[in-house]
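The values are calculated or read from the model by the stated rules, or taken from the named source; none is laboratory data. Since the structure is predicted, the reported quantities are computational estimates derived from the model, not experimental observations. Here the Cβ positions follow ideal geometry from the backbone for every residue, glycine too, while neighbour counts run over all protein chains shown. These area figures cover heavy atoms from the full protein model, side chains too; ligands, DNA and RNA do not enter into them. Shrake-Rupley method; radii C 1.70, N 1.55, O 1.52, S 1.80 Å.
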Amino acid sequence: MEFGILVNEGPYQHQAADSAYLFAKAALEKGHKIYRIFFYHDGVNNGTRLTTPPQDDRNIVERWSQLAEEHDIDMVICVAAAQRRGIVDPEEMKRNGKDADNIAPGFRISGLGQLIEAGIKADRLVVFGD
Amino acid sequence: MSDEQVTKKFLYVNRKAPYGTIYALESLEVVLIGAAFEQDVSLAFIGDGVYQLTKGQDTKGIGVKNFSPTYRALGEYDIQKIYVEKESLEARGLTLDDLQHLVYEDEDDDWAEKDAIKLVSAKELGEIMEQQDVVLSF
């Protein structure tokens, strides 16, 4: 089966980000595919490479980046939600005249259409949120 | 690859009050963008989500934009099914009269203006959910 995954909550604040990751990992281990992981609301904060969690804790952002790299997963951050919360890629930095970017490897910023497309194309869309 | 257009049944479930958190506003943004994809779209309002549709919202005191007029545009986006859960409305002492009058034009009925809001019981809403392909919960 091919899954779409929607992550609506930020890392550490809420378990949704952990559950989404564990679900994605388990699905891949069972031989399922992931069409796309879409990050919305505070979920966009899963995609900043500037987090520094305590060393004895899981690194949620790095964990996503590794998963994307190992399994070639499309991880998309909603542009409108990202602009509100300051998640920036080099293109957004230029476009909005910011002095830095902070997007983590494996993530890209795009529009909400990517979420709807995931709903249409994937066999199931699984939502992780509050 | 076939060019055949896939139409899926999308249900957006709105569970949160319009202000206090951004879920309601950002959910509405998904609905409006999603409308361009010509899917079979329904909206449901349950729990505190029913407050999203109330008339006379005034946000001056909290310095947040009042986005409630945007719900009136849903008809123009051809969104014809807006389900409001009866029990949630009643539990909050609200009736249909407290909600905005949302309409759409029915192209199968000479563009007659029809009510978009349908009051449904929790049981009926459960059945509606079961018929969906994609349920987005906000």
Q | Average other protein chain Cβ within 10 Å of Cβ, residues A:124-130 | A | 4
Q: Find the relative contact order for region B:9-137 and round it to a whole percent, using C-alpha pairs within less than 8 Å whose residues are 6+ positions apart.
A: 31
**Q.** Cβ-defined net charge surrounding residue A:9, 11 Å radius [Lys, Arg +1; Asp, Glu -1]
**A.** -3
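Can you send over the carbon and sulfur percentage of the accessible area for chain B, probe radius 1.4 Å, protein chains only?
So the carbon and sulfur contribution to the accessible surface is 48 percent.
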Q. What residues have an amide H closer than 5 Å to that of residue A:127, excluding those fewer than 5 places away on the same chain, when H is modeled at 1.01 Å from N in the peptide plane?
A. A:6
Q: Give the shape of region A:2-128 as rounded, prolate or oblate, defined through the alpha-carbon gyration tensor: a ≥ b ≥ c are the square roots of its eigenvalues, a/c under 1.5 means rounded, and otherwise the shape is prolate if a/b is larger than b/c and oblate if not.
A: oblate
Q) Which residues' amide hydrogens lie under 5 Å from the amide hydrogen of residue B:41, considering only partners 5 or more residues apart or on another chain, with H built in the peptide plane? A) B:10
Q) Over all residues in A:110-121, what is the mean tally of Cβ atoms on other chains that come within 10 Å of each residue's Cβ? A) 5
Q: Can you bin region B:45-85 into rounded, prolate or oblate? Criterion: square roots of the alpha carbon gyration tensor eigenvalues sorted a ≥ b ≥ c, rounded for a/c under 1.5, prolate for a/b above b/c, oblate for the rest.
A: oblate
(Q) Give the separation of the Cα centroids, region B:1-62 to region A:89-125, in Å. (A) 21
Q) Of the accessible area of region A:2-128, with the probe set at 1.4 angstrom, what percent is carbon plus sulfur? A) 45
Q | Listed peptides B:46-52, B:57-63 by packing density, highest first (mean Cβ within 10 Å) | A | B:46-52, B:57-63
Q | Radius 12 Å from Cβ of residue B:115, net charge of other residues (Lys, Arg +1; Asp, Glu -1) | A | 0
Q) Across peptide B:37-43, how many C-beta atoms of other chains are within 10 Å of each residue C-beta, on average? A) 1
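I need the peptides B:7-19, B:92-104 ranked by packing, meaning the mean over residues of other C-beta atoms within 10 angstrom, with the highest value on top.
Ranked from most to least packed, the peptides come out as B:7-19, B:92-104.
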Q | Longest DSSP-loop-exposure-free segment, GluC sites (Glu not before Pro), chain B, at most 13 other Cβ within 10 Å | A | B:39-138
(Q) Could you give each residue of region B:78-89 its phi-based ³J(HN,Hα) in whole Hz, using Karplus coefficients 6.51, -1.76, 1.60 with θ = phi - 60°, and x for Gly or Pro? (A) 6, 8, 10, 10, 10, 8, 10, 6, 4, 4, 5, 5
Q: Calculate, for residue B:106 and residue A:26, the FRET efficiency according to 1/(1 + (r/R0)^6) with r their C-beta to C-beta distance and R0 45 Å; round to the nearest 0.05.
A: 0.50
Q: Arrange the peptides A:85-98, A:31-44 so that the one whose residues have, on average, the most other Cβ atoms within 10 Å appears first.
A: A:31-44, A:85-98
Q: Could you sort the residues of region A:19-44 by number and keep only those whose accessible area is reduced by 30 Å² or more in the all-protein-chain setting relative to the chain alone, 1.4 Å probe?
A: A:40, A:41
Q | Cα gyration tensor shape of region B:9-137, rounded if a/c is under 1.5, else prolate or oblate by comparing a/b with b/c | A | rounded
